[in-house]
Each structure stands twice: as structure tokens, then as C-alpha cells.
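Right, one structure below, let's go through it.
The values are calculated or read from the model by the stated rules, or taken from the named source; none is laboratory data. Because the structure is predicted, anything quoted here is derived from the model rather than measured. We place every Cβ from the backbone using ideal geometry, glycine too, and count neighbours over all the protein chains shown. For the accessible areas, the whole protein counts, side chains as well, though only heavy atoms, and no ligand, DNA or RNA atoms are used. Shrake-Rupley method; radii C 1.70, N 1.55, O 1.52, S 1.80 Å.
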Amino acid sequence: MSSASRKRPRPEPAVVEDSGLGGLYDFLPPPDPEKDKATAAKAKRAEEALLRPKLPPLDKSRVIFLDVDGVLLPSGTVEMIFIDGVMLPVRAAREADFNHAALTNLRSIIQRTGACVVLSSEWRRKEEMRDNIDRTLKAQDMPAGLIDSTPIFTPSAELVKQRLDQAVVWAERRAREIGSWLKQHKEVKAWVAIDDLDFSWADGVKVLGTPLIKHRSVCTNPKHCITEKDADEAVRILLDAPVIRPEEEADAIAAARYLTEEALAKVKAGGLMA
């Protein structure tokens, strides 16, 4: 064989023209890590929902009076503003704003007691705010959502005149609102107030017709919201409702006043009690 034959150049590979159809997966959208993370979280919650124990039938003789800020929403999660002396959220709460452990613990209380939920929070002041909380509970496998909300009263003129700490004024008003709701619902035999307000502050300035609240309340840490320990305490109160007899009421009020004065002594004038 000649050297010319051995050195014959190889043919160039054929050039395939781009038909414009692109690669096999070119039609897919680019990766979105945040969206993928949200989808995975949603799938995980759906899986967890299947493993949760079923809720018992609703027992309207048992009621949870539910606050929101510091109970389901960690303090500071949603910006608040003062309107006519009341702290109100500036926007609706998003799913990511809620403490999901707190929602799980609230459901645990309902699962163990059959209690229904009445909104006592400032989130009840507007329909869209109430609906926001109602939808959240239903989305977390609490299908009854909110059955009602407490009435809205004005602060005690006498307490405002005394220039007491704002937290005391709020607590007293909320206690009156809960008491009014209970008067209209005689079927309720057991109840618990879950709030980041200390109802000792309300009991210490209790007026005639308002029930003592502290012994039937669970005071949450506003950063941690409802914990498992809080849930256990709420269940204990609902299943074995503590009772203060008439002859014990004066001592309970005196103890509440002492605790309130002790708390006031720890803060400077003008500061909210924590």
C-alpha cells in the first residue's frame, strides 16, 4: 500500500443543524430551591396529618379561649400598631409566620378533650383577621376552626384613670370579655384561657361579675408559644376543672394583687410587664 493511501484524510463529521427544538428537557422551568423547599414541607405536613390521631366529636361544654400573638404567633412575628389604645396587626399572618409546634400542641389539646375554640385575641376585631386564624386552624387539621369569638369591650375607665400599667388594663378587659361570653353560654362546664397575658393582673383588679381567670389559664412564653407542657396543663384544667369556692375568693384576689404588685415593682414606669 502506498504512503498516499495510508495518509488519506478522514472525512469531517456531519454538522447537524439546530432544528430549534432544543434539548430533551429544555422545556422545563429552571430550578427554584425555595419553591422546592415549600413543596417538600407541604408534602411532609400532609404525611404527618395522615399519622395524627383523629379528633373526637366536638364537646361544646369544653372551651378554649384562644389568644394569638405569643400563643400561636411568636411575639414580633407580625408587626403591630396601636389604634385607639389597642394593638392590632398590620397584615394577615402567613403560614410561615405561625409556630407549627404550637399549632400541633393546640390540636393535641383538642384531640385529648374535644374542646372547641373561641377567639379571645385582638385578631377577632376584624372579619378578615378572624378568617385568617380560622383558615389556619382548619389547614392544620382542626376542621371546626373557630366556633365563636368573645365580645369586644372598652378598657376600664377606672383603671385608665389610675394610670395602671397597660398590661393590667388589657388583662382586666379580656377577663370581662371572657366572663360575658360565659354568661351567654351556660352549657360550658369547663374552660381554659390560653394567653401570654398573666391573668393574675386581671384577678387583682377584678370587679363584681367578672370570674377569676388565673386558676383556669395557661400563660405562654410569647417567644415559644404553646409548648407541650402548656398543652398538658390546658388538658388538666379542661378535664379536672379547678374550683375556687366563694369563701376562698378573697384570698385568691389578695394573692393576685400581691403577684401584680411584685411584677409592677420589677418594671420601670411606662414599661409593659413581660
Non-local residues with an amide H under 5 Å from the amide H of residue 148, with H modelled 1.01 Å from N and Pro and chain starts lacking one, are 119
Quick check: with the 1.4 Å probe, what order do 124, 62 take by accessible area, largest first?
62, 124
Treat every Asp and Glu Cβ in the stretch 135-274 as -1 and every Lys and Arg Cβ as +1, leave all other atoms uncharged, and give the resulting dipole magnitude about the Cα centre to the nearest 20 debye.
440
Using amide H atoms built in the peptide plane, which far-off residues or other-chain residues are under 5 Å from residue 191 H to H?
63
Counting other C-beta atoms within 10 Å, and keeping those with at most 13, which DSSP coil trypsin sites (Lys or Arg not before Pro) do you find in the stretch 177-245?
186, 189, 223
Which trypsin sites (Lys or Arg not before Pro) does the stretch 137-170 hold that lie in a coil by DSSP with at most 14 other beta carbons within 10 Å?
163
Using a 1.4 Å probe and ignoring any ligands, DNA or RNA, find the accessible area of residue 224 and quote it in Å² to the nearest 10.
110
Tell me, what is the 1.4 Å probe accessible area of residue 244, in Å² to the nearest 10?
50
In this structure, among 183/223; 214/266; 60/126, pairs with alpha-carbon gaps over 22 Å are 183/223; 60/126
Taking all protein chains in place and a 1.4 Å probe, what share, in percent, of the accessible surface of the stretch 152-274 do carbon and sulfur account for?
55
Given the protein chains as shown and a 1.4 Å probe, how many square angstrom of residue 239 are accessible, to the nearest 10?
90
At 1.4 Å probe radius, can you tell me the per residue accessible area of the stretch 51-156 in Å²?
45
Give the aspartates and glutamates whose C-alpha is closer than 20 Å to that of residue 186, dropping any in the same chain fewer than 8 places away, or say none.
59, 148, 177, 240
